[in-house]
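In what follows, a structure is listed as structure tokens, so that the remarks can point back to it.
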Amino acid sequence: MIRSLFAVRHRELPEPVEPGTTLASAEALHIKLGARHVLRGVDIEARAGEVVALVGPNGAGKSTLLAALATDLTPDAGTVRICGRDAGAWSAGELALRRAVLPQAAALSFPFLVEEVVRMGRAPWNGTALADNDDEVIAAAMRATEVTEFAGRPFSALSGGERARVALARVLAQQAPLLLLDEPTAALDLRHQELVLRVCRERAAAGDAVVVVLHDLGLAAAYADRVAVLHDGTIAAEGAPAEVFDGALLSRVYRQPVEVLPHPRTGTLLVFPERG
Amino acid sequence: MTATATPATDSAPVRQDAKSPASKGSKGRRSVPYLLTVGMLAGLVLVCLVSAGIGAYKIPLGDVIGSAQHRIGLGGAALDRVGESVLWNVRFPRIVLALIVGASLGCAGALMQGVFGNPLAEPAVIGISSGAAVGGVASITFGLSFFGNWTLPVCAFVGGLITVFLVYAMSRSGGRTEVITLILTGVAVTAFGGALIGLFIFFADNAEVTQITFWQLGSLAQATWPKVLAVLPWALVGLAIAPFYSRKLDLLSLGERPARHLGVDVERMRVVLMFVTALLTAAAVAVSGIIGFVGLVVPHLLRMLAGPGHRFLVPGSALGGALVLAGADLTARTVAAPAELPLGVLTALIGSPFFFWLLRRTRRKQGGWA
């Protein structure tokens with residue numbers, strides 16, 4: 001009990017890393033939830049300085065893979081490594097300094113104010129030298145997600161999309177070099193979908209590794225450095241959007257005829273379901 | 001700590017030059033805890049002094065203070081023999097006991113609500129007090145005395161501990177506790193506890209039955225210094241550990257996984273806090289039987305006034321609980337003087353309507369239970 005009270009003092013702070021360093025990796029990852037084999041041998045890497053998008057149909061295992069990288073789930077086989085060390089070798093406090101996770105749904109049991117919620121993201125730094133920057137980091141995170149104007153409102157009084165942005169602000173405030181975002185755009189309007197993906201790009205440019213689960217393939221094509229298409233618990237294809245987004249492959253994976261064409265002006269790939 | 005050991009300082013959101021947003025909205029809320037703390041402390045001192053003076057044998061306020069000064073060697077003067085005895089052997093142990101029980105119940109309520117992420121959790125509502133009472137009654141019925149004066153608190157603690165984990169295991173699913181499951185589990189556990197107590201009473205002889213009945217009604221009338229000493233260590237240990245978990249309880253309100261992502265060892269914290277709650281509940285139940293609703297009402301009122309942050313809520317609820325119980329005990333022994341209302345009856349009379357209101361409010365917010 002005494003040890004748990006004072007454990008905070010002995011955390012190993014993360015070292016700055018070169019762009020391209022692998023911050024998270026899964027090898028031959030198998031995960032069973034109940035009787036179902038949700039992941040069946042997945043290999044993936046997230047490197048500093050790039051945005052990786054996980055796409056695929058419902059139930060393909062995207063969120064499970066993200067949860068495994070977040071060390072929420074213990075692999076039934078295979079390994080998950082975070083910042084070069086086996087996931088189990090880190091303490092909860094050390095992991096919190098290295099990876100931040102945006103859950104699919106943002107819940108809150110008590111009516112904390114928005115600013116207090118974002119401030120919770122700073123908790124891992126409590127007791128370190130960086131805790132002095134808390135106010136600036138929080139302000140910047142709230143500006144980046146455009147929630148500054150809600151700062152003094154209770155979280156429970158916000159709409160779904162506003163809550164999602166506050167949750168993202170909290171994750172940004174955590175300043176972890178590895179960001180794992182589970183459908184950050186699901187509840188957002190057009191403007192804020194773009195905003196969130198731009199924030200992802202900025203974080204990658206600043207040297208972080210970003211792994212993001214997306215349903216909008218157009219967004220994935222426009223913003224991701226690499227895309228992994230999950231299908232039935234395996235990775236059906238992985239690479240730059242231009243290599244991976246192929247009409248035939250997506251049609252097979254989604255069981256829905258899909259067209260892929262370049263944007264007439266920018267050349268970015270556009271993905272459409274074939275209609276009539 | 002050197003600058004090289006700090007990553008991500010220059011990542012995007014930080015680089016934009018930043019001024020503290022520290023919104024105006026939250027500023028008013030920040031000064032409230034201080035005001036509340038000062039107010040509650042003042043109220044506590046007042047209630048204690050009044051409580052020490054009022055009773056069948058009246059002692060003027062000045063004499064109470066004088067006698068206290070005399071005892072701690074700061075001048076003042078001792079009272080006559082009767083007055084001194086009433087004050088120091090009857091009134092003060094009773095007041096101290098009320099403070100211990102109140103602080104324990106208030107703090108335990110705040111912790112339970114935080115751990116369950118649910119404002120309706122409270123030791124009495126979810127059956128922990130009942131479990132502790134089973135332990136206590138068992139120790140009386142079987143005439144246990146293996147720990148001397150501490151036997152009853154020990155048995156109450158074991159009973160409370162078993163119940164905490166039972167309720168917890170039965171009412172959680174997917175990291176959250178639904179109100180309906182929690183209340184129903186409490187009903188079931190309380191019913192089972194009632195049956196066990198009934199069984200013990202059936203086996204007890206007449207003297208023991210009288211003892212059990214008095215104890216169960218929830219009263220501080222039999223307060224003595226040895227009784228105070230029997231529960232003080234338990235309450236102190238619980239109250240000392242609880243504040244260390246305030247910040248983590250804040251994070252837990254995000255949910256179990258997000259709390260873990262922010263570096264909280266959720267499993268360990270939960271076990272420790274269950275332990276602390278059982279300690280506090282046992283301390284309260286051991287001296288005064290089941291006194292309900294203090295742990296429900298106090299944290300809830302404080303949360304409405306000062307916001308849900310546990311750094312104030314946990315110690316604040318202990319303070320508020322002490323104030324409420326000292327006040328309630330004063331009322332219980334003066335309102336129908338020379339007779340004395342059972343304390344548990346009084347708190348339930350005031351607390352139950354509040355519980356109703358809280359239930360309805362929660363229901364409105366969630367749009368039904370189903």
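The values are calculated or read from the model by the stated rules, or taken from the named source; none is laboratory data. Remember, it's a predicted structure, so these values are computed and weren't measured experimentally. Ideal geometry is used to build each Cβ from the backbone, glycine not excepted, and the neighbour counts take in all protein chains shown.
On inspection, A:Ala129 does not qualify as modelled with pLDDT under 90 and more than 8 Å from every other protein chain (Cβ to nearest Cβ).
In contact (Cβ under 8 Å) with a residue 60 or more places away in the chain and either over 22 Å from B:Leu252 (Cβ atoms) or at the interface with chain B (Cβ under 7 Å from one of its Cβ atoms) (or both) - does that describe any residue in segment A:105-114?
Let us first name the residues in segment A:105-114 that are in contact (Cβ under 8 Å) with a residue 60 or more places away in the chain, namely A:106.
Of the ones still in play, those that are also either over 22 Å from B:Leu252 (Cβ atoms) or at the interface with chain B (Cβ under 7 Å from one of its Cβ atoms) (or both) are none.
There is no residue in segment A:105-114 that is in contact (Cβ under 8 Å) with a residue 60 or more places away in the chain and either over 22 Å from B:Leu252 (Cβ atoms) or at the interface with chain B (Cβ under 7 Å from one of its Cβ atoms) (or both).
Reported count of residues in segment B:257-273, each being farther than 30 Å from B:Leu152 by Cβ, free of Cβ contacts under 8 Å to residues at least 12 places away in the same chain and more than 7 Å from every other protein chain (Cβ to nearest Cβ), is 2. A residue that is facing chain B (nearest Cβ under 7 Å), within 23 Å of the chain's Cα centre (by Cα) and within 19 Å of B:Leu254 (Cα to Cα) occurs somewhere in segment A:141-157. Note on segment A:139-246: enclosed strands (runs of 3 or more DSSP E) holding 2 or more residues that are surrounded by 24 or more Cβ atoms within 10 Å (Cβ to Cβ) and not aromatic (Phe, Trp, Tyr) are A:178-182, A:209-213, A:226-231. Of everything in segment A:79-97 that's facing chain B (nearest Cβ under 9 Å) and assigned to a loop (DSSP other than H, G, I, E, B), which residue is modelled with the lowest pLDDT? Going through the qualifying residues, I end up with A:Ser91. Among the residues of segment A:98-114, how many are of a type outside the set (A, V, I, L, M) and assigned to a strand (DSSP E or B)? Count: 1. Flag: B:Val276 matches the condition of being buried (at least 19 other Cβ atoms within 10 Å of the Cβ), within 14 Å of another protein chain (Cβ to nearest Cβ) and under 16 Å from B:Ala132 (Cα atoms). Contact map, segment B:234-256: residues that are within 9 Å of chain A (Cβ to nearest Cβ) and over 24 Å from B:Pro153 (Cα atoms) paired with residues that are assigned to a helix (DSSP H, G or I) and not hydrophobic (A, V, I, L, M, F, W, C), Cβ distance under 7 Å, separation 6+ or inter-chain. Pairs shown: B:Arg247/B:Arg311; B:Asp250/B:His310; B:Leu252/B:Gly114. Selection within segment B:117-146: residues that are of a type in the set (A, V, I, L, M) and buried (at least 24 other Cβ atoms within 10 Å of the Cβ). The member of this set that is farthest from the other protein chains (Cβ to nearest Cβ) is B:Val137. Evaluating B:Leu144 against the criteria (1) closer than 21 Å to B:Pro226 by Cα; (2) outside any loop (DSSP other than H, G, I, E, B); (3) in contact with a helix residue (DSSP H, G or I) (Cβ under 9 Å, 6 or more places away or on another chain) leaves one unmet condition, (2).
Among B:Phe157, B:Phe116, B:Phe147, which is the only one that is aromatic (Phe, Trp, Tyr) and modelled with pLDDT of 85 or more?
Numbers: B:Phe116 fails: modelled with pLDDT of 85 or more; B:Phe147 fails: modelled with pLDDT of 85 or more.
That would be B:Phe157, the only listed residue that is aromatic (Phe, Trp, Tyr) and modelled with pLDDT of 85 or more.
Condition first: part of a helix (DSSP H, G or I), among the charged types (D, E, K, R) and crowded, with 23+ Cβ neighbours inside 10 Å. Can you find one or more residues in segment B:311-329 that meet it? Looking for residues that are part of a helix (DSSP H, G or I), among the charged types (D, E, K, R) and crowded, with 23+ Cβ neighbours inside 10 Å, one finds at least one in segment B:311-329, hence yes. Within segment A:197-251, being basic (Lys, Arg) and touching a strand residue (DSSP E or B) at 6+ places or on another chain (Cβ under 8 Å) holds for A:Arg201, A:Arg203, A:Arg226.
Considering segment A:108-138 alone, what residues qualify as being of a type in the set (Gly, Ala, Ser) and surrounded by fewer than 17 Cβ atoms within 10 Å (Cβ to Cβ)? Please lay out each step first, then the result.
Taking segment A:108-138 first, the residues of a type in the set (Gly, Ala, Ser) are A:109, A:121, A:123, A:127, A:129, A:131.
Across segment A:108-138, the qualifying residues are A:Gly127, A:Ala129, A:Ala131.
Among the candidates A:Ala92, A:Ala68, the residue that is in the same structural domain as A:Ala187 (by TED's automatic domain parsing) and within 25 Å of A:Leu214 (Cα to Cα) is uniquely A:Ala68.
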